[in-house]
Amino acid sequence: MTHVKISMAQALNQALRDAMKADDTVMMFGEDVGALGGVFRITDGLTAEFGENRCFDTPLAESGIVGMAVGMAMNGLRPVVEMQFDAFGYPAFEQVVSHVAKMRNRTRGRVELPMVIRIPYGGGIGGVEHHSDSSESYFAHTPGLTVVTPATVADAYALLRQAIEYPDPVVFMEPKKLYWAKEEVDLTEVQPGIGTAVVRREGADATLIAYGPSVPVALEAAEAAAAEGRQLAVVDVRSLVPFDDETVCAAVRRTGRAVVVAEASGFASVSSEIVARVTEKCFHSLAAPIRRVTGFDIPFPPPKLEKHQLPSVDRILDAVDDLQWEDS
Amino acid sequence: MNSVEERLLPSAEPVRLLDQNGVPHDHPSYRLPDRETLLDGYAQLIRGRRFNDQASALVRQGRLAVYPSSHGQEACQIAATMVLREGDWLFPTYRDSVSIVSRGVDPIDTLTLLRGDWHSGYDPYDRKVAPQSTPLATQLPHAVGVAHAARLKGEDTVVMALVGDGGTSEGDFHEALNFAAVFHAPVVFFIQNNEYAISVPLAKQSAAPSLAHKGIGYGVPGERADGNDLAGLLAVLGQAVAKARAGEGPQLVEAHTYRVQAHTNADDATRYRQDDEVTPWLDRDPIKRLETYLNHQGWLDDDVKQRADAGAVQVAERLREGLMPEPEVDPAELFAHLYAGETQQLREQAAFLRDELAREEA
């Protein structure tokens with residue numbers, strides 16, 4: 001056992017380092033990822049260790065970055081690219097939707113694109129305009145993409161290693177609010193996570209379904225609820241696509257009540273998809289309509305107002321209180 | 001030694017080695033290709049023209065959904081692939097079917113997209129031809145990626161990336177040129193300037209002195225050629241490919257040509273241009289001028305002509321016969337190529353469609 005206490009940022013860095021060591025076709029590139037090590041230091045030291053051919057800075061153009069990765073993946077390499085911030089990734093949207101997502105399909109499986117698009121996302125870090133979007137729903141909506149987001153340090157390492165080895169393109173959403181959260185982890189123990197949700201906490205009364213930055217908030221809410229005598233289960237979705245219906249629905253069936261927690265605006269979102277799926281599949285197990293705690297349908301607020309947009313323990317507990325307990 | 005201007009600026013006039021009357025002209029930087037190359041090019045032009053016209057006819061007969069023809073642009077189509085080696089890559093647009101076929105891809109597989117039985121019908125790795133791109137200029141960053149990967153792997157691959165005049169307005173055109181220049185990627189960006197982006201003429205597309213000038217801002221040398229002169233195109237593109245292969249970085253070539261037909265069969269060109277604009281271009285036809293020159297040289301004997309005609313007849317027959325039967329499509333395939341593995345959700349949706357079809361049949 002080699003337990004170490006590291007942050008999610010360090011775990012992601014270690015995952016890149018180990019992947020590049022294990023496979024010399026793995027290439028890391030993007031804006032400021034070279035000498036600087038990325039604005040969040042996720043690529044810290046990679047250029048020094050592996051050279052400029054393996055980890056390099058690109059011109060400041062996201063469509064070019066993703067488009068070049070497509071070509072490199074077509075030609076036998078495994079590119080990992082960084083979009084510096086969620087909202088700065090939008091110039092690459094056409095490449096992602098029209099090419100990254102569709103290449104396997106349009107060529108009848110002849111061209112695989114083993115590539116990873118890393119996107120730091122979400123708020124809670126006091127970022128000014130365009131630095132705090134939750135853009136996961138755009139990608140989850142697009143057939144052909146695999147979309148994952150870690151909520152723990154261990155998952156950050158394991159999911160990124162798996163994403164890099166994956167035969168399909170993976171949109172890897174990194175909750176930047178959790179970059180500095182530290183955990184004791186054993187990086188030699190890697191469980192595959194793509195396609196699977198995981199129950200982070202058992203509880204008999206209601207299920208909180210969350211992902212990415214909302215998982216620690218949900219766990220905190222469950223802790224607070226337990227103090228008040230209500231036992232809440234917490235499911236970490238972590239793989240938005242493919243979605244693990246089985247684990248999520250099993251958890252909801254055990255409790256009969258559920259709240260979905262997500263930072264993104266609720267309208268036409270991953271959270272609304274989860275509610276729809278669970279309702280379709282588990283209707284007869286439900287004692288109350290599923291509630292959601294999401295961001296409002298507004299542009300992400302400026303730093304001094306962002307706390308009103310983020311799911312909070314209180315909002316989660318209020319939503320749980322609203323699950324028609326009087327009827328049971 | 002060379003000033004920046006000398007290195008980057010295109011020629012003052014498009015390079016033309018054979019004028020529209022088939023008369024050869026000396027050029028300080030480019031030489032006429034040899035007899036064998038021109039005769040091969042001639043046969044390919046004849047075949048390309050027949051391919052275009054047969055495909056258009058098959059649209060009218062309902063055998064193809066749509067066909068964006070390169071009629072009149074065949075010299076560009078042929079030259080783009082004639083200058084490549086076996087291991088080189090071609091990144092075509094939707095109007096470049098003739099180029100794809102001249103690269104050796106089966107004509108029927110080439111037309112899968114336009115027939116509508118799948119999106120791309122050929123194996124891109126087979127002849128090193130990327131899937132035809134319909135979103136404009138989006139294939140150009142891919143071309144840079146393939147070239148950069150080749151360079152990192154120590155291969156001397158050159159990538160020929162095709163784009164139209166309209167495509168040079170897209171952001172991806174500029175990002176691709178910039179990336180290619182910064183990474184010194186062996187890409188030849190080849191603009192077929194046919195004067196129209198559907199209905200919008202070049203004057204409304206760009207105020208640049210020429211599209212080849214667009215390379216200057218990125219440090220990419222530009223050159224321009226008469227797009228209906230196969231000899232000039234082979235010389236210019238051949239040199240661009242040689243430079244890219246020799247490690248001189250990306251090259252930009254603009255061919256001046258003209259879309260003598262409508263954008264596609266679904267377009268009505270009379271709404272935006274007059275016939276008297278088109279007519280002079282018919283006299284600049286790429287086949288006619290090469291034929292005149294070859295005849296004048298005494299190189300176009302019956303044997304050569306027969307072989308060229310035979311190639312054209314063969315490709316036309318292949319199209320007619322290959323496209324006549326209704327293509328077999330399999331609804332189950334709709335779910336087959338999204339991911340390397342299966343997902344529960346797609347399994348369920350495939351089963352739904354299967355059941356629906358079974359009920360319809362019952």
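Worth pointing out:
- Checking each residue of segment A:196-206 against the condition of being within 14 Å of chain B (Cβ to nearest Cβ), more than 30 Å from A:Lys5 (Cβ to Cβ) and more than 15 Å from the chain's Cα centre (by Cα) gives no match.
- Meets criteria (at pLDDT 95 or above, among the charged types (D, E, K, R) and either more than 26 Å from B:Ala310 (Cα to Cα) or under 22 Å from the mean Cα position of the chain (by Cα) (or both)) for B:Asp26: yes
- Residue match in segment B:180-188 (condition: buried (at least 24 other Cβ atoms within 10 Å of the Cβ) and assigned to a helix (DSSP H, G or I)): yes
- Residue satisfying all of: in segment A:102-140; without any contact (Cβ under 8 Å) to a residue 12 or more places away in the chain and either in contact with an Asp or Glu (Cβ under 9 Å, 6 or more places away or on another chain) or among the hydrophobic types (A, V, I, L, M, F, W, C) (or both); nearest to A:Ala73 (Cα to Cα) among these: A:Arg110
- Residue identified as of a type outside the set (Lys, Arg), crowded, with 24+ Cβ neighbours inside 10 Å and assigned by TED's automatic domain parsing to the domain that holds B:Trp281 among B:Glu86, B:Glu74: B:Glu74
- For segment B:221-267, filtering for residues that are among the β-branched types (Val, Ile, Thr) and surrounded by 21 or more Cβ atoms within 10 Å (Cβ to Cβ) leaves 4.
- Residue in segment A:128-135 that is more than 14 Å from chain B (Cβ to nearest Cβ), touching a Gly at 6+ places or on another chain (Cβ under 7 Å) and surrounded by fewer than 21 Cβ atoms within 10 Å (Cβ to Cβ) present: yes
Residues are listed down the side, and each one gets a yes or a no for (1) under 17 Å from B:Ala55 (Cβ atoms); (2) of a type outside the set (D, E, K, R):
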site	(1), (2)
B:Thr279	no, yes
B:Asp283	no, no
B:Thr292	no, yes
B:Ala310	no, yes
B:Leu323	yes, yes
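- Within segment B:108-174, helices (runs of 4 or more DSSP H) holding 1 or more residues that are buried (at least 24 other Cβ atoms within 10 Å of the Cβ): B:139-152
- Residue in segment B:324-331 that is among the β-branched types (Val, Ile, Thr) and touching an Asp or Glu at 6+ places or on another chain (Cβ under 8 Å) present: yes
- Number of positions in segment B:51-66 that are assigned to a loop (DSSP other than H, G, I, E, B) and surrounded by fewer than 18 Cβ atoms within 10 Å (Cβ to Cβ): 4
- Output for segment B:318-347, where each listed residue is out of contact with any Leu (no Cβ under 9 Å at 6 or more places or on another chain), in a helix (DSSP H, G or I) and surrounded by 13 or more Cβ atoms within 10 Å (Cβ to Cβ): B:Arg318, B:Glu333, B:Gln344, B:Gln345
- Among (1) outside any helix (DSSP H, G or I); (2) at pLDDT below 95, the one test that B:Ser69 misses: (2)
- Pair list, Cβ < 8 Å and 6+ apart or interchain, from segment A:61-86 residues that are on the phi > 0 side of the Ramachandran plot to residues that are among the aliphatic types (A, V, I, L, M) and buried (at least 24 other Cβ atoms within 10 Å of the Cβ): A:Gly76/B:Ala149
- Of A:Ala319, A:Ala264, all but one fail to be out of contact with any Lys or Arg (no Cβ under 9 Å at 6 or more places or on another chain) and crowded, with 21+ Cβ neighbours inside 10 Å; the exception is A:Ala264.
- Assessment of segment A:87-96 against the conditions (touching a strand residue (DSSP E or B) at 6+ places or on another chain (Cβ under 6 Å), in contact (Cβ under 8 Å) with a residue 40 or more places away in the chain, within 14 Å of chain B (Cβ to nearest Cβ) and β-branched (Val, Ile, Thr)) yields no matching residue.
- Scanning segment B:130-147 for residues that are in contact with an Asp or Glu (Cβ under 9 Å, 6 or more places away or on another chain) and more than 7 Å from chain A (Cβ to nearest Cβ) gives B:Gln132, B:Leu136, B:Ala137, B:Gln139, B:Leu140.
- Strands (runs of 3 or more DSSP E) fully within segment A:12-118 that include at least 1 residues being surrounded by fewer than 19 Cβ atoms within 10 Å (Cβ to Cβ) and modelled with pLDDT of 95 or more: A:55-57.
- Taking segment B:326-349 as the range and being more than 8 Å from every other protein chain (Cβ to nearest Cβ) and aliphatic (A, V, I, L, M) as the test, the residues that pass are B:Val329, B:Ala332, B:Leu334, B:Leu346.
- Of all residue pairs spaced 6 or more apart or on separate chains, those with beta-carbon atoms under 8 Å, a first member in segment B:334-362 that is more than 21 Å from A:His99 (Cβ to Cβ) and a second member that is among the aliphatic types (A, V, I, L, M) and loosely packed, with under 14 Cβ neighbours inside 10 Å are B:Ala350/B:Ala332; B:Leu353/B:Ala332; B:Arg354/B:Ala332.
- Remark: B:Pro286 falls outside the filter, which requires a residue to be within 14 Å of chain A (Cβ to nearest Cβ), surrounded by 11 or more Cβ atoms within 10 Å (Cβ to Cβ), in contact (Cβ under 8 Å) with a residue 60 or more places away in the chain and not hydroxyl-bearing (Ser, Thr, Tyr).
- Qualifying residue in segment A:46-66 (condition: more than 12 Å from chain B (Cβ to nearest Cβ) and of a type in the set (Val, Ile, Thr)): yes
- Picking from residues in segment A:136-157 that are closer than 28 Å to A:Leu187 by Cβ and part of a loop (DSSP other than H, G, I, E, B), the one that is nearest to the other protein chains (Cβ to nearest Cβ) is A:Leu145.
The values are calculated or read from the model by the stated rules, or taken from the named source; none is laboratory data. Since this is a predicted model, take the numbers as computed values, not measurements. Every residue, glycine as well, gets a Cβ built from its backbone with ideal geometry; the counts of neighbours run over all protein chains shown.
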